[in-house]
Amino acid sequence: MNTNAFRNLSYGVYIISTLDGERPTGCVANSAMQITSSPATIAVSVNHDNYTNSCIQKTGKFAVSILSEESDATLIGTFGFQSGKEVNKFDGVQALEKEGIPVIADACAYVVCKVIDKMETATHTVFLGEVIDADVLKKAEPMTYAYYHKVVKGKSPKNAPTYLPEEKEEKADDAKWVCSICGYVYDGETPFEELPEDFRCPICKQPKEKFVKQ
Ligand code: FE
């Protein structure tokens, strides 16, 4: 089996959010799809290890915030590379409350669903949600996973359904400086060694020391 075939599937970049009691939480997902239009239903796939998964099981509701190419890339670091168990991922993030669920204000659109069914797989839960609210927030190109990979230079978090361990083994002609937290590959004009000490990863905001040469 050649898993590179999967790279030819198209995905978006979404933040799936819900509530942990009163507290908002969420995670990054790239597997969200519309299943039917009437009634409108959406399916999302969330890893069992994501804290958001257990919170959706409890609240029975989730929102999908669709990131655009103009959305702040650090949202992906905030929601994709740390756990909602330890931090409030919504701290400092502008959110709107829709049907009681927080959605990302910087997204280009959002969809809020109530869970009507779910399917367990070996690693992920597929939640089927009936749409109870949806709107467009900004006229902007939705971010595709390919755009995130090629332009933002980001990688999949380990819990993503699209995660391929081989991604880490991609060999380049020159050594590259890679963020050890989120996998972002530095490709600026300035040589990495000459970057100021206050340089931070544009995705997960970690300092220069977290970069490793590969
Ligand atoms: Fe990073």
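Points to keep in mind about this one:
- Cα shape, the chain, gyration tensor, a/c 1.5 rule: prolate
- In Hz, Karplus ³J(HN,Hα) per residue of the stretch 177-189 (6.51, -1.76, 1.60; θ = phi - 60°; x = Gly, Pro): 9, 10, 5, 6, 8, 10, x, 4, 9, 5, 9, x, 5
- Near-label residues of the stretch 93-130 by backbone N, under 16 Å of a point 7 Å along Cα→Cβ of K58: 101-102
- Across the chain, the mean sequence separation of Cα contacts (distance under 8 Å, 6 or more residues apart), normalised by length, yields a relative contact order of 22 percent.
- Global geometry of the stretch 111-157, whether rounded, prolate or oblate, following the gyration tensor of its Cα atoms and the 1.5 cut on a/c: oblate
- CD proxy at 222 nm, helix term only [per DSSP H run n ≥ 4: -39500 (n - 2.57); per residue of the chain; nearest 500]: -2000 deg cm²/dmol
- Here the chain is treated with +1 on each Lys and Arg Cβ and -1 on each Asp and Glu Cβ, and its dipole about the Cα centre works out to around 440 debye.
- Cut-off 11 Å between beta-carbons: net charge of the residues surrounding E193, Lys and Arg +1, Asp and Glu -1: +1
- The stretch 50-110 shape via C-alpha gyration tensor axes, a/c threshold 1.5: oblate
Only the coordinates and a few stated rules stand behind these numbers; no lab work does. Fair warning: this is a prediction, and the values are worked out from it, not measured in the lab. Virtual Cβ from ideal backbone geometry, glycine too; neighbours counted across all protein chains shown.
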